[in-house]
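Written below as structure tokens is the structure these notes are about.
The values are calculated or read from the model by the stated rules, or taken from the named source; none is laboratory data. Keep in mind that what you see is a predicted model, and the values were worked out from it rather than measured. Each accessible area value is taken on the protein alone, full model and side chains, heavy atoms only, with ligands, DNA and RNA left out. Shrake-Rupley method; radii C 1.70, N 1.55, O 1.52, S 1.80 Å.
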Amino acid sequence: MRSRLAISCLALLTGVLSTPASAESVPFNCIILPGADQASIMMKNSLDRDASCIVTCKFSTTKYDNNPQITCAKPVPAGKEVEMCQLTSGGDKMVKLMEGHAECIK
């Protein structure tokens, strides 16, 4: 009986995990703030419903091989632009955005 229950639970879990989530790219902006030692990570949920959103930004700094990166995640209301988080450079001046991406899951 115990193994039958375990198999049933495993089958249910496998079915839930195998259903692909529908993630869509959304607009974002990784802004180096005045003073260049902090960045603001903004994004807009352009979907037609509230969603769980995630954004990642990576910056170069004035110091060799210091590339601070941050990933922020939180629920965002439909159609709203929000500040997801802020990132400090660790003492070195930020120079430019190296890469970034954002997406929301329906």
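Computed quantities for the displayed model
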| read-out | value |
| --- | --- |
| Carbon plus sulfur fraction of accessible area for segment 16-91, probe 1.4 Å, in percent | 50 |
| Per residue accessible area of segment 38-106, 1.4 Å probe, in Å² | 56 |
